[in-house]
Protein chains: 4
Amino acid sequence: MGTMGFDDAARALVETGRRLDFRGWAPATGGNYSARLDDGSIALTVSGRHKGRLTPADIMRVALDGTPLTPGKPSAETALHLAIYRLFPEANGVLHGHSPEAVGLSRAYPQAREWVFRGHEMLKIYPGIDTHEAQARLPIVDNSQDMAVIEAAVSPALLAPGAIPAYLIRSHGLYSWGASVAEAEHVLEATEWLIAAELAEIGFRNGAAR
Amino acid sequence: MGTMGFDDAARALVETGRRLDFRGWAPATGGNYSARLDDGSIALTVSGRHKGRLTPADIMRVALDGTPLTPGKPSAETALHLAIYRLFPEANGVLHGHSPEAVGLSRAYPQAREWVFRGHEMLKIYPGIDTHEAQARLPIVDNSQDMAVIEAAVSPALLAPGAIPAYLIRSHGLYSWGASVAEAEHVLEATEWLIAAELAEIGFRNGAAR
Amino acid sequence: MGTMGFDDAARALVETGRRLDFRGWAPATGGNYSARLDDGSIALTVSGRHKGRLTPADIMRVALDGTPLTPGKPSAETALHLAIYRLFPEANGVLHGHSPEAVGLSRAYPQAREWVFRGHEMLKIYPGIDTHEAQARLPIVDNSQDMAVIEAAVSPALLAPGAIPAYLIRSHGLYSWGASVAEAEHVLEATEWLIAAELAEIGFRNGAAR
Amino acid sequence: MGTMGFDDAARALVETGRRLDFRGWAPATGGNYSARLDDGSIALTVSGRHKGRLTPADIMRVALDGTPLTPGKPSAETALHLAIYRLFPEANGVLHGHSPEAVGLSRAYPQAREWVFRGHEMLKIYPGIDTHEAQARLPIVDNSQDMAVIEAAVSPALLAPGAIPAYLIRSHGLYSWGASVAEAEHVLEATEWLIAAELAEIGFRNGAAR
């Protein structure tokens, strides 16, 4: 937990990419992953590579203000990673994945500003929730090619009391973060799992009287 | 089959975690798995680790009354594992997994006290069933943060004649057990498979006249 | 293609089990697989083992009349494998798998005696079909614990002109065969794929006007 | 990126087959994959092999006019690969996969001539699209056993302004291409992902008011 040296961070991001690809959340060159390093800079996946087949050479370093510290083209979405690191000093890992289910949900409710998970044991994976008798509000923000627009739209929800460390960009994908890359992955997995469980719930409800 | 030494049990639980994670039934740090050891104590996965990436160091030992015998923080749900070992002297392995489908089912029928599987060949995996012309009743119990409440609510169903070695906690996940960790995994796989088959059945029924 | 020696057959059946388990078609101890050997006897998976974790020691030999030629408990369904080898001298591999989708289909249409696939390019995987403008009739037979009843019920359909080398036992699973274990696996994969494609078709049809 | 020598191309096609099979897009012997070589000839998977278990020996060479340059039986669909290489000099890799979802979509809308993806961030994977506020038109063409008929039917759509490097043959499967085998795979993955996301969207819409 916490910050890492570059080599450990690179290894962690490479392995995370393999696992997200295995789940089907890293199609084509989609997704980007980052980690806060011991020196306060950020290790980040470069743009345009398949995230399921990264090597440590595909991880670059940027300063917290976005200045590249190593060669390589940072992703356009670097700004969203950095915004999270600046908003949340305790965040040391940020993941952005693409699942068909999360995107399908965000499109099925095109006006929704959030999705509220209720009554799931799995909610306890989110920091500060210790019972299933809770609500977890996943903010949903409209997509934009201007990262500043997304950041401005979502920041209030992220800073609201009881906010969970994740949000969903409509027709785009999920962001998650945590005190380590591993914790960010737990949040991502749990949130995708909750979405999948509610899709299965709808399927069973369609089975009606039995 | 039967009890094991600690090293064999730890290996079995680690491998079981890999397989359940592969199926998508071990998101984040969810799930816990245990085995009864030759000396009557219980080997158990520690809390807060990802169950798909366990090592033997993530397995601890507790006495049947819950007293920790090795360092480590046992899961809050240890009590449910121990309750099964006490109720069923023939149980030597207990697994608790989280699938989106089982949880979706339990939420789609929020008043249901059980789900009855009928007419499946797969029912024969349950002890004492030797024909598909049988019914298997999967008890469903409401979730609680008080393990004693869950235990009290589910015990009568588990002891009913013809009960199967599994139950479902609503919005939470499935428990299964057997004469070995392997048998508990067979029960878990079969029960999840039955739920998936019935979800597919609903999907095909929606295809209506053809 | 064709018959094999025991060692090659055992290896092929072990690997087939891994692949079917990967797909989710070998839950618990479900499924059994066989190959015709050079000497006319049959290599067959033993009963009660998980088919995704077989070793060559889990493969036994039986004569075409069912007499065990090596120690081990042959599956009750051995009779259905042998019936296929007797009906079809060109069959050298027989596979029996369990997918949630095939079983869901067979239960959604409880009176159906067959399922007809129409217009799929994938039909060309079946022997004797060289265009998508064809129909492939998958016989569906009710389950029974008496293998002779299943055999008697399904044999006429299997011998009908244009029959495909597969059939579905309701609430139970799929049988497939071919001139080799590999060909039987191709038929199984293609048939399961067709069923999955038609389930996805129903899903998209529910999306209605767009 | 670009053309390759035969050995590199063979390796790339073998690995691509493993990944497409992992996703369930290469059932039985379905699918065929090709790469343009440095000398202008085409490396191509042979017919009748399982694409998830290819070896470099299963890759043959043909000239751009279809003349075989090495022993082996080229797929009947070789003509469709070659048509793409002739239409698009910048295409150096062509993939043809079979997913249940793409085929299900094409059958659910039997009169559709195209499927239009709108508003997805994932659209940016297609060349020339740099915003989600775009439309990507996936041509759908009826299946035929005469490759010239398919080619004639689909070519106008492929050459239309803003066409994406992919098309769908109804009840059959998806073609994709790119400046390299890797790029063709990115297009295939992204297109299948888009289809899966829209199927999930339909699923969530069926959950209605909540």
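The values are calculated or read from the model by the stated rules, or taken from the named source; none is laboratory data. These numbers were taken from a predicted model, which means no experiment stands behind them. Counting neighbours? That spans all protein chains shown, and the Cβs are built from the backbone with ideal geometry, glycine included. When the accessible area is computed, the model is the full protein with side chains, heavy atoms only, and any ligands, DNA or RNA have been set aside. Shrake-Rupley method; radii C 1.70, N 1.55, O 1.52, S 1.80 Å.
Shape class for segment C:37-112: oblate, because the ratio a/c of the largest to smallest gyration tensor axis (alpha-carbon atoms, square roots of eigenvalues) is 1.5 or more and b/c is at least a/b.
Here chain B exposes an accessible surface that is 55 percent carbon and sulfur, computed with a 1.4 Å probe and the other protein chains kept in place.
So for segment B:6-209, Kirkwood radius off the Cα pairs, Stokes-Einstein at 4 °C and 1.567 mPa s: how many µm² s⁻¹?
Working: Rh = 17.2 Å.
Approximately 75 µm²/s, per Stokes-Einstein.
If N is the number of residues in segment C:108-160, what value comes out of its Cα radius of gyration divided by 2.2 N^0.38 Å? Could the numbers behind the result be given before it?
Working: Rg = 13.2 Å, N = 53, 2.2 N^0.38 = 9.9 Å.
Dividing the Cα radius of gyration by 2.2 N^0.38 Å gives 1.33.
The dipole here belongs to the protein assembly as shown: it is taken about the Cα centre, uses +1 on the Cβ of Lys and Arg and -1 on the Cβ of Asp and Glu, and is about 920 debye. Here's the picture: a label point sits 7 Å out from the Cα of B:ALA57 along the beta-carbon direction, and within segment A:1-41 the residues with their amide nitrogen under 15 Å of it are A:1. Over chain D, calculate the relative contact order: mean separation of alpha carbon pairs under 8 Å at least 6 apart, over the residue count, as a percent. Worked out over chain D, it gives 20 percent.
Taken over segment A:1-56, the percentage of Cα pairs per 10 Å bin, counting from 0 up to the bin with the maximum distance, is 28, 51, 21, 1. Applying a threshold of 26 Å to the alpha-carbon distances of A:LYS51/D:LYS124; C:LYS124/D:LYS73; A:LYS73/D:LYS51; B:LYS51/B:LYS73; D:LYS51/D:LYS73 flags A:LYS73/D:LYS51 as lying beyond it. Modelled this way, with points 7 Å down the Cα-to-C-beta line, the labels at C:ALA153 and B:ARG118 are 1.7 nm from one another.
Give me the net charge for the shell around C:ILE150: Cβ to Cβ below 12 angstrom, other residues only, Lys and Arg +1, Asp and Glu -1. Walk me through the numbers before you get to the answer.
Working: positive: C:ARG170; negative: B:GLU121, C:GLU77, C:ASP142, C:ASP146, C:GLU151.
Summing Lys and Arg as +1 and Asp and Glu as -1 gives -4.
A simple spin-label model places pseudo-atoms 7 Å from Cα toward Cβ; at D:LEU87 and C:GLU90 they are separated by 3.7 nm. For the pair A and B, the buried accessible area comes to roughly 2600 Å² in total, with a 1.4 Å probe and the value rounded to the nearest 100.
Would you work out if the protein assembly as shown is rounded, prolate or oblate? Take a ≥ b ≥ c from the square roots of the eigenvalues of the alpha-carbon gyration tensor; rounded if a/c is under 1.5, else prolate when a/b is larger than b/c, oblate otherwise. Write out the running numbers ahead of the final one.
Numbers: a/c = 1.55, a/b = 1.00, b/c = 1.55.
Oblate, because a/c is 1.5 or more while a/b does not exceed b/c.
Heavy atoms of the protein chains alone define the surface here; on that basis the protein assembly as shown has 36 Å² accessible area per residue at 1.4 Å probe size. Looking at segment B:94-161, the GluC sites (Glu not before Pro) that sit in a DSSP loop and have at most 14 other Cβ atoms within 10 Å of their own Cβ are B:GLU133.
Under 5 Å between amide hydrogens, built in the peptide plane, is the criterion, and for D:LEU69 it picks out D:ARG61, D:VAL62, D:ALA63 among residues at least 5 positions away or on other chains. Rg then Dmax, both in Å and based on the Cα atoms of segment B:154-210: 14.7, 46.
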